[in-house]
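Remarks on the structure that follows.
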Amino acid sequence: MKEILVLNGSPRVRGNTTALVEAFVRGAKEAGHRVHVCKIQEMNIHPCIGCLQGGRDPESPCVQKDGMEEIYALYRQADYIVFASPLYFWSFTAQLKMVIDRLFAVMEGPAKDGTPAYQSNLTAKKCMMIVPAEEDHDANFELINQYYDGYLARMGWEDAGRLLVGGLMQVDDIAKKPNILMRAHDLGKSID
Ligand SMILES: Cc1cc2nc3c(=O)[nH]c(=O)nc-3n(C[C@H](O)[C@H](O)[C@H](O)COP(=O)(O)O)c2cc1C
């Protein structure tokens with residue numbers, strides 16, 4: 001049984017991203033895993049203020065005390081992190097990027113055995129990415145793929161699968177695409 005943390009960065013909490021996440025969660029639960037979904041839009045979370053004062057308390061590493069407390073606890077125990085976001089200007093939404101930035105506080109913890117602090121406080125994670133978008137061609141996803149691959153490489157994390165889907169614009173477009181929802185379900189179920 002794996003612990004899976006889904007970070008849903010869509011501002012439309014009943015939109016395409018959420019429908020894909022729900023299908024993913026069904027699949028992951030069928031495979032016997034525990035899944036926690038954080039709808040960032042509905043949480044009280046503020047952007048990083050760049051103070052570089054975090055990391056003193058591993059349980060609550062950031063100086064800002066807000067909805068991230070819940071995410072830090074889930075992040076610590078997660079085997080998998082799923083980055084779910086609509087494509088906004090070929091990238092993640094500001095909501096999801098805000099959480100990624102706030103996870104910096106975890107890396108600020110004390111250095112171990114002469115290893116730089118940023119590296120010694122990173123734990124192995126597997127990651128997935130779920131991204132709906134309007135435009136339906138490979139070039140539309142070039143930048144997000146580049147960012148995701150670079151981010152994971154630098155964090156020492158492993159990609160475990162991604163679902164990048166064009167042709168979705170209106171809030172309920174996904175309802176017309178049961179095959180795509182099945183792919184999201186199967187991505188969740190693929191976790192062993
Ligand atoms: C501010 C904004 C920026 C967007 N940028 C892109 C983009 O760069 N490429 C694209 O194909 N779709 C873009 N879209 C369309 C969304 O990715 C698409 O509507 C997606 O299905 C929304 O997911 P949601 O229903 O979870 O909100 C953008 C939409 C908005 C509102």
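Would it be correct to say that Ala133 is under 26 Å from Met1 (Cα atoms) and over 12 Å from the mean Cα position of the chain (by Cα)? In short, no.
Yes or no, residue by residue, for (1) crowded, with 18+ Cβ neighbours inside 10 Å; (2) within 16 Å of the ligand (Cβ to nearest atom); (3) among the hydroxyl-bearing types (Ser, Thr, Tyr):
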site	(1), (2), (3)
Lys125	no, no, no
Val131	yes, yes, no
Arg154	no, no, no
Glu158	no, no, no
Gly166	no, yes, no
Val171	no, yes, no
Ala175	no, yes, no
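Scanning the stretch 131-140 finds one or more residues that are in contact (Cβ under 8 Å) with a residue 40 or more places away in the chain and in a helix (DSSP H, G or I). Listed by first and then second residue, the pairs linking a residue in the stretch 172-188 that is among the aliphatic types (A, V, I, L, M) to a residue that is part of a helix (DSSP H, G or I), with Cβ atoms under 6 Å apart and 6 or more places separating them unless they lie on different chains, are Ile174/Asn16; Ile174/Ala19; Leu181/Ala23; Ala184/Leu20; Ala184/Ala23; Ala184/Phe24; Leu187/Phe24.
Have a look at Tyr88, Tyr80, Tyr72 and point out the one that is farther than 27 Å from Ala139 by Cβ, of a type in the set (Phe, Trp, Tyr) and out of contact with any strand residue (DSSP E or B) (no Cβ under 7 Å at 6 or more places or on another chain). None of the other options fit; the residue is Tyr72. Does the stretch 43-62 contain at least one residue that is within 15 Å of Cys127 (Cα to Cα) and either among the aromatic types (Phe, Trp, Tyr) or more than 16 Å from the ligand (Cβ to nearest atom) (or both)? No, the stretch 43-62 contains no residue that is within 15 Å of Cys127 (Cα to Cα) and either among the aromatic types (Phe, Trp, Tyr) or more than 16 Å from the ligand (Cβ to nearest atom) (or both).
Residues in the stretch 20-34 that are within 22 Å of Val171 (Cα to Cα) and not small (Gly, Ala, Ser): Leu20, Val21, Glu22, Phe24, Val25, Arg26.
Here is a yes/no grid of residues against (1) touching an Asp or Glu at 6+ places or on another chain (Cβ under 7 Å); (2) over 15 Å from Ile40 (Cβ atoms); (3) among the aromatic types (Phe, Trp, Tyr):
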residue	(1), (2), (3)
Asp79	yes, yes, no
Leu87	no, yes, no
Ala94	no, no, no
Val99	no, no, no
Met107	no, yes, no
Pro110	no, yes, no
Gln119	no, yes, no
Glu135	no, yes, no
Ala139	no, yes, no
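When the stretch 77-109 is examined, which residues are found to be more than 16 Å from the ligand (Cβ to nearest atom) and without any contact (Cβ under 8 Å) to a residue 40 or more places away in the chain? Passing the criteria: only Leu103.
Throughout, read-outs are computed from the coordinates displayed, never taken from laboratory work. Small disclaimer: the values here were computed from a predicted structure and weren't measured. With ideal geometry, Cβ positions are generated from the backbone for all residues, glycine too; neighbour counts draw on all protein chains shown.
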